[in-house]
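Data block below; observations after.
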Amino acid sequence: MKDLLEKLDLLGTQEGAGTGTWIRCRGDILESRSPINGEVIGQIRCAGPEEYDAVVARADSAFKEWRMVPAPKRGDIVRQIGNELRDHKEALGALITLEMGKIRAEGEGEVQEMIDIADFAVGQSRMLYGLTMHSERPRHRMYEQWHPLGPVGVITSFNFPLAVWSWNAMIALVAGDTVVWKPSSKTPMTALATMKLVWRVLEENKVPEGVLNVVIGTRRDVGESMIKDRRLPLISATGSVAMGRHVGQVVASRLGRTILELGGNNAVVVTPSADLDLAVRAILFGAVGTAGQRCTTTRRVIVHRKIKEKLLGGLINAYGQVKIGNPLEHGVLMGPLVDREAVNGMMEALDELRKRGGKVCYGGQILTGGIYDAGTYVTPCICEAKADFPVVKKETFAPILYVIEYDHIDEAIEYQNGVPQGLSSSIFTNNLMEAEIFLSHAGSDCGIANVNIGTSGAEIGGAFGGEKETGGGREAGSDAWKGYMRRQTCTINWSKDLPLAQGIRFESS
């Protein structure tokens, strides 16, 4: 661990605020502990209100310069950031594993997401397109253009401590915005390591301080200040539904914008014509990957009654082959939950399931002995449940999979849509009509709908986000860049007349 921290310049107590150089903070010491074994990874002195204000003031000032840099040049700087991340992919991936607990392959995969979105943003920097419209008035030209919006506040969660920031930051940068980042207090070291790397690129390009910023602190001192701050016209927040409701209400009260990425309660529908081997493999990764702590984690399997037992048997067999342990070790497929609080939440959900008459078919134990004594390791769990159980309608951030029977495709879609969340969904079928029904207006109500692939593992080229209590936000690809810019409609009169739209005449007779 010491070698890794030294390589990433993380030895010693770190400051919790910076704009390109670090600001001396006077807040409490925050300890980052590894869920692998409970050891302290590092210490950060948190930012308080004064440090927060200094960071945002610098971001606001830097915006006035950054917005005037040509977008392709901004894109070239993002390209260089992507290369810097490439050079440190292994080290950053290991730090994610150490601090968050996901396995090495997933940690490095998350860094690859950062690299991919940087590559995507480079191309986007030359495609910030507006439309040309035909004016109804003679000798007039009408078109729209997109301008940088301003400093963007980004609040991220622990489960993807770097990727979600990058989805926002890389697009915001090419859009001409500056970024103020509040990372999760559960994974602050990964944020500091990333800032130190990307600041090198900004410094080499003589970019003004304040373009990329970080502030680590309490909800009271930093989080609440961010969402109330009129200097931040956009807040992008990832986290719980309760958090998102609060953020949305506060930002809306000042007529600011939000991009909200909140809860997911994702289902896989498995029909009689499905390739069950394919379905089992997809469900296994979707439910067990990241120890069930992805917003796109598969939490419900809605399976036709005729094939339920066969699918259940295949899942139990697959789950039995999952090696649980230190996520830094080769061959381990599932590491710990992020902390004991997450373990307690999982156990409470299983207790509620049993009280409702549900059945635990596999797993659901807290592991003990050796490394397991950290109290954060569990066996992933498969349960039989009913679609209307209250616990099934909740998002428990843990590896619990609810198996639910259905008889007809319309019933399956009703079950799929019958939860408050609407992020990701999937159907496994070789029946064209079932696939098209699932993707139709009467089908899945989620922001992501897949056929014959699982709910987890979205590519950065598509807009990521969901509906209902998932918040409605969109990040990453497609036209998500528009959320980070302001649209302006322009009309140019190149005649000597002044005709009004809609044929209105405003003159004396």
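Over the chain, Cα pairs under 8 Å with separation of 6+ residues give a relative contact order of 17 percent.
Solvent-accessible area assigned to carbon and sulfur over segment 145-191 amounts to 58 percent, based on a 1.4 Å probe. In a reduced charge model with +1 at each Lys and Arg Cβ and -1 at each Asp and Glu Cβ, segment 330-419 shows a dipole moment near 300 debye about its Cα centre.
Label reach from ALA57 (point 7 Å along Cα→C-beta): in segment 24-38, amide nitrogens under 16 Å belong to 24-26. Loop-located trypsin sites (Lys or Arg not before Pro) across segment 304-336 with a Cβ neighbour count of 16 or fewer within 10 Å are LYS323, with loop assigned by DSSP. With a simple spin-label model that places each label point 7 Å from the Cα along the Cα-to-Cβ direction, the separation between HIS330 and GLU384 comes to 4.1 nm.
Projecting label points 7 angstrom from Cα along Cα→Cβ for ASP277 and GLU50 puts them 6.6 nm apart.
With a probe of 1.4 Å, find how much accessible area the chain has per residue, and write the answer as a whole number in Å². Could the numbers behind the result be given before it?
Details: 21580 Å² over 509 residues.
Each residue of the chain exposes 42 Å² on average to a 1.4 Å probe.
Quick check for me: using +1 on Lys/Arg Cβ and -1 on Asp/Glu Cβ, what's the dipole size of the chain about its Cα centre, in debye to the nearest 20? Don't jump to the answer; show the numbers that get you there.
Working: 57 positive and 61 negative charges, 223 e Å.
In total the dipole reaches around 1060 debye.
Summed over qualifying helices (DSSP H, 4 residues or more, each -39500 (n - 2.57)) and divided by its residue number, the chain shows a 222 nm mean residue ellipticity of -11000 deg cm²/dmol. Full extension of the chain between GLN321 and ASP479 gives 52.8 nm of extra length, using 0.36 nm per residue less the Cα-Cα distance.
Students often check this: by mean Cβ neighbours within 10 Å, which of 225-235, 416-426 ranks highest, and how do the rest follow? Can you show the working numbers first?
On the way: 225-235: 20.0, 416-426: 24.2.
Ranking the peptides 225-235, 416-426 by packing returns 416-426, 225-235.
Roughly how tilted is helix 89-100, in degrees to the nearest 10 and between 0 and 90, from the longest Cα axis of the chain? That helix lies at roughly 60 degrees to the long axis.
Using C-alpha pairs under 8 Å with a sequence gap of at least 6, the mean separation divided by the residue count of segment 138-284 gives a relative contact order of 23 percent. Count the net charge of all other residues whose Cβ sits under 10 Å from the Cβ of ASN265, scoring Lys and Arg as +1 and Asp and Glu as -1. Neighbourhood net charge equals +3. Between the beta carbons of THR218 and LEU131, assuming R0 = 60 Å, the FRET efficiency works out to 0.85 to the nearest 0.05. Stretched out straight at 0.36 nm per residue, the stretch from GLN145 to LYS73 would grow longer than its current Cα-Cα span by 24.1 nm.
How big is the charge dipole of segment 116-195 about its Cα centre, in debye rounded to the nearest 20, if each Lys and Arg gets +1 on its Cβ and each Asp and Glu gets -1 on its Cβ?
Values: 6 positive and 5 negative charges, 42 e Å.
Value, rounded to 20: 200 debye.
Computed packing ranks the peptides 135-144, 311-320 as 311-320, 135-144, most packed first, by mean other Cβ atoms within 10 Å.
Once the piece of chain linking VAL40 and ASN83 is laid out straight, how much longer is it, given 0.36 nm per residue of separation minus the C-alpha distance between them? Mind showing how you got there, number by number?
Details: separation 43, 0.36 × 43 = 15.48 nm, distance 3.02 nm.
Value of the extension gain: 12.5 nm.
Arranged from highest to lowest average of other beta-carbon atoms within 10 Å per residue, in what order do the peptides 330-339, 124-133 appear? Don't skip to the answer; put the middle values down first.
Details: 330-339: 20.2, 124-133: 14.7.
In descending order of packing, they fall as 330-339, 124-133.
DSSP loop (so not H, G, I, E, B), at most 15 other Cβ within 10 Å: list which GluC sites (Glu not before Pro) in segment 1-79 pass both filters.
Numbers: sites: GLU6, GLU15, GLU31, GLU39, GLU50, GLU51, GLU65; in loops: GLU39.
Those satisfying the criteria are GLU39.
Annotation note: chymotrypsin sites (Phe, Trp or Tyr not before Pro) in segment 377-467 located in DSSP loop regions with a Cβ neighbour count of at most 11 within 10 Å are absent.
Taking a quarter of the surface of the Cα convex hull of segment 168-212, what do you get in nm²?
Numbers: hull surface 12.8 nm².
Approximately 3.2 nm², given one-decimal rounding.
When the Cα positions of PRO233, LEU8, THR297 are compared along the charge dipole of the chain, PRO233 comes out farthest toward the positive end, with charges on each C-beta of Lys, Arg, Asp and Glu. In this simple spin-label model, placing a label point 7 Å from the Cα along the Cα-to-Cβ direction at both ARG26 and GLN249 gives a separation of 3.3 nm. Of TYR415, LEU131, SER444, whose Cα points farthest to the positive end of the dipole of the chain (charges on the beta-carbon: +1 Lys, Arg; -1 Asp, Glu; origin at the Cα centre)? Towards the positive end, the residue furthest out is LEU131.
Of all lysines in the structure, those lying under 18 Å Cα to Cα from LYS89, and not within fewer than 8 positions of it along the same chain, are LYS2, LYS7, LYS102, LYS196.
In this structure, ILE453 and GLU341 have a Cβ-Cβ separation that, at R0 = 35 Å, corresponds to a calculated FRET efficiency of about 0.65. Here, segment 20-122 is characterised by an Rg to Rh ratio of 1.06, where Rg is the alpha-carbon radius of gyration and Rh the Kirkwood radius. The angle between the Cα long axis of helix 241-253 and the longest principal axis of the Cα atoms of the chain comes to about 10 degrees, rounded to the nearest 10.
So what's the gap between the Cα centers of segment 178-254 and segment 286-333, to the nearest angstrom? Each part's Cα centre sits 34 Å from the other's. FRET efficiency for the pair GLU507 and GLU203, taken as 1/(1 + (r/R0)^6) with r the Cβ-Cβ distance and R0 = 60 Å, rounds to 0.50.
The values are calculated or read from the model by the stated rules, or taken from the named source; none is laboratory data. Because the structure is a prediction, the values reported are computed rather than measured. Methodologically, a virtual Cβ is constructed for each residue, glycine included, from the backbone with ideal geometry; neighbour enumeration extends over all protein chains shown. Calculation scope for accessible area: heavy atoms of the full protein, side chains included, ligands and nucleic acids excluded. Shrake-Rupley method; radii C 1.70, N 1.55, O 1.52, S 1.80 Å.
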